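Taken together, the values in this text are just the output of simple stated rules run on the coordinates, not laboratory data. No experiment lies behind these values; they were computed from the predicted model shown. For neighbour counting, all protein chains shown are included, and Cβ atoms are generated from backbone atoms with ideal geometry for every residue, glycine included.
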């Protein structure tokens, strides 16, 4: 067996099985193995056809992302795809699992495709600031047409291949044993005299040229990224696919990929993509099998419980929603039904899907709702002593002390993908496994946190607002701070965000002697944020407006002094990174990449900047560290860089160096 490849021949059909767990990534040894196996099959006179498939749970699900940082080596994936397409014997891709990225590009290069029921496909490269690199921009529109090709490549979304538009990517679906079905399909092709069918020679997708040009124009008109962005490059390449020779399009795609690969934005986007994957790797004992969670009990009335319930029902999880006084749930249940009704009205749900989800809901008195639940979530106070069978896993989902297991869902739970799985001082590996399993089942990104209830998102937000207040202490205009953050690409500037949240909670946050809590100052004059119509901004029907009254108030207590835009951004992000370093040194956070994942998912930190730990590395660790050290501000303990910062600088590392 070549490394990562099983090779066998059955009744004139060569079987090439990629075996590179966990997702059969197309690493350099695997690519070399496929190339060698194809040569062997083509040279073997007893072989009439070739089947390429994956062992385990999936067909190859993409590239090995570590190679993007260490450097790609020949044979490149584009070479392997060209080799597959040029094979003199028909090549069939037998698909199952998640056919993502480079795996889908390999499948597109095959002459025929058969997919097991439930197979899904995706081209997520744009989410990493990249174009496809192995011919997808040229082959996919030829095969399925420009509208669907652009939908896949510009959104990075997932497409089921066993129904709807996904059927246009494949030649046949099957159930049962994929290997046997693929062999039978190959023999039917041979019996029918079907030989190689290169996708590069097909023009089916361009039959209606007006549809092609209209799809390009529509997407280009909606594009908000720059002309050099991966999305803009994909549009350019797909447009060229209908006009230029295939080989020219492939050369253009290679050039676009290499340009994107070298950009800081793509590096940050790759890091963000990888950080979400790494976050899922909890340090559980070897051999731990995650439990199946099909029904949960959510205890307590209120908005948090309702949102968790809706999110769980959307994921197909049964929910027993309980309260000590069940009548307090009636309003929440009605709101829940309205949420699903709105989904049907908006077209996101069918009436049948809505009804199926509602049928998963039971509600009533708390003690009665425990039965049949795989775990219990406490989503409001006053539910902690509800009796449950011995061994029942409980998790604190509200903002409260965590001794064993907590779950901190980033708000709003409906739409955000983050849940921090908090392991308290007495938490066990079994409890942690339950928290991870539920997060995965709810399609959330789980991040492991060691604390008594504090979340990473909470500490990052507190650091950001503490730093923003310090900038005002130093004379900055709050509107200039917000503008600097927005111009840098972060759509949640600190002072406007405070107003939207309400200033009262922040007004009690700690500040050092000589440093001011400016939210408290505004609350004292009855400026409480958006809810009261005035905070740092005056809020009108047309949105926020800058307030002269706030400027007079600030300038009456400190001397106004303009600060450089980029200095303000670096100080704000640097303060967050410093807080991240503090959490790492305390053992609260497990990995620097976890902190970046939380910032992106909970605080809308721009993915193209990679998170605060990534951003300070791209600016230069020494440069940002010196800015923090030299800041003349009373809150010296907060601004003093953590010891690990100097250690990284000494050895030329960043927070993300391995």
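Observations
- Between residue 654 and residue 548, the FRET efficiency estimated from the beta carbon spacing at R0 = 60 angstrom works out to 0.90.
- Estimated 222 nm signal from helices in the chain, with DSSP H stretches of n ≥ 4 weighted -39500 (n - 2.57), rounded to 500: -13500 deg cm²/dmol
- Euclidean distance of C-alpha centroids, the stretch 614-643 and the stretch 488-518, integer Å: 20
- Tilt relative to the chain, helix 246-261 - C-alpha long axis, 0 to 90 degrees, to 10: 30
- Using C-alpha pairs under 8 Å with a sequence gap of at least 6, the mean separation divided by the residue count of the stretch 528-639 gives a relative contact order of 19 percent.
- DSSP beta bridges in the stretch 1-109 [antiparallel fraction, %, rounded to 5]: 40
- Angle in degrees between helix 330-345 and the longest Cα principal axis of the chain, rounded to the nearest 10: 40
- Most to least packed among 165-177, 486-498, 340-352 [average Cβ atoms within 10 Å]: 486-498, 165-177, 340-352
- Percent antiparallel among DSSP beta bridges (both partners in the chain, rounded to 5): 30
- Computed FRET value (nearest 0.05) for residue 73 with residue 566, which takes r as the C-beta separation and R₀ as 30 Å: 0.20
- Computed lengthening from residue 586 to residue 350, 0.36 nm per intervening residue step minus Cα-Cα distance: 80.2 nm
- Between the stretch 326-398 and the stretch 71-112, the C-alpha centres lie 45 angstrom from each other.
- Part-to-part distance (alpha-carbon centres) for the stretch 163-221 and the stretch 6-38, which is given in Å: 22
- Mean Cα-pair separation over length for the stretch 436-506, i.e. relative contact order, pairs under 8 Å, 6 or more apart, %: 17
- Burial order of peptide ranges 20-28, 456-464, 132-140 (average beta-carbon count within 10 Å, highest first): 132-140, 456-464, 20-28
- Normalised contact order of the chain, rounded percent, pairs of Cα under 8 Å and 6 or more residues apart: 9
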